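We did not get these values from a lab; they are worked out from the coordinates using the rules stated. Because the structure is predicted, anything quoted here is derived from the model rather than measured. Heads up, the Cβs are rebuilt from the backbone with ideal geometry, glycines too, and the neighbour counts pull from every protein chain shown.
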Amino acid sequence: MNVPLPSSGVPDASFSVLGLAPVVPVVVVEDVADAVPLARALVAGGLPAIEVTLRTPAARDAIRAIAAEVPGAVVGAGTVLTPEQVTDAVTAGARFLVSPGCTDALLAAMRASGAPFLPGVSTASEVMALLERGVREMKFFPARAAGGTAYLKSLAGPLPQARFCPTGGIGPDTAPEYLALPNVGCVGGSWMLPEDAVAARDWERVERLAREAAALR
């Protein structure tokens, strides 16, 4: 179910990232000049939730630019590892946060930020620990290496209250298998952003691939 965005644009933890679109593009921005046209192409293709990973020096400025110049985008920060990165990302304009794993300090910072967040898990014990803390929406990472759809099916029986965004090793051929699972709200991936298309600034191709991804469910 889609959950409406807060009209103010201010982070609101009651908003669910999992309901925006079937696919959340995982974006690595090397050149901040690419951020806005890239985001516009993704939004035009039907993928409004955009996870900009904090892996490059350009990431924070890319988040700021997308937040300011692409009204249809819901830009978030990925690869969030520390409380300091939580603060920096939200200050730059990130409206959701995604981490590959979770620690007590990181969880506290993400919760205090007021932004929706998807902490990373890959085991049943990690899922149970987050459920105990009231977290029901999580990133399942690395999805393919951690057991893929078979593992998520196994979790659905004993832990039906947990919902996931699987990320890691997912492409257009396997995404529908994940999206068919009752405990999967969306998937994360970067196949709609091939390196050669981004290098050539072929935003029409990015938009076409985004449209195909948005139609997967």
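Remark: L193, L131, L18 ranked as L131, L193, L18, counting other beta-carbon atoms within 10 Å and listing the fewest first. A cut-off under 15 angstrom between Cβ atoms defines the neighbours of D173, and their net charge, with Lys, Arg +1 and Asp, Glu -1, is 0. Full extension of the segment from R201 to D61, taken as 0.36 nm per residue of separation minus the current Cα-Cα distance, would add 48.5 nm. The simple spin-label model puts a point 7 Å past each Cα toward its Cβ; for A180 and R217 those points are separated by 1.3 nm. Beta bridges from DSSP with both residues in the chain: antiparallel share about 0 percent, rounded to the nearest 5. One quarter of the convex hull surface built on the alpha carbon atoms of the chain amounts to 10.5 nm², the projected area averaged over directions. Comparing G134, G189, G19 in a Gaussian network model of the chain, where Cα atoms under 10 Å apart are tied by springs, the biggest mean-square fluctuation is seen for G134. Note on A146/A105: beta-carbon distance plugged into 1/(1 + (r/R0)^6) with R0 of 25 Å gives a FRET efficiency of 0.60.
Counting every other Cβ atom within 10 Å of each residue's Cβ, K153, K139 order from fewest to most as K153, K139. Every helix of 4 or more DSSP H residues in the chain counts as -39500 (n - 2.57), and over all residues that averages to -10500 deg cm²/dmol at 222 nm. Take the alpha carbon atoms of the range 104-148, find their center, do the same for the range 169-217, and report the distance between the two centers in whole angstrom. Each part's Cα centre sits 23 Å from the other's. Listing V24, V52 from fewest to most neighbouring C-beta atoms within 10 Å gives V24, V52.
In this label model, A68 and K153 are separated by 4.9 nm, measuring between points 7 Å along each Cα→Cβ vector. If you take all other residues with their beta carbon under 15 Å from the beta carbon of E132, and give Lys and Arg +1 and Asp and Glu -1, the sum is 0.
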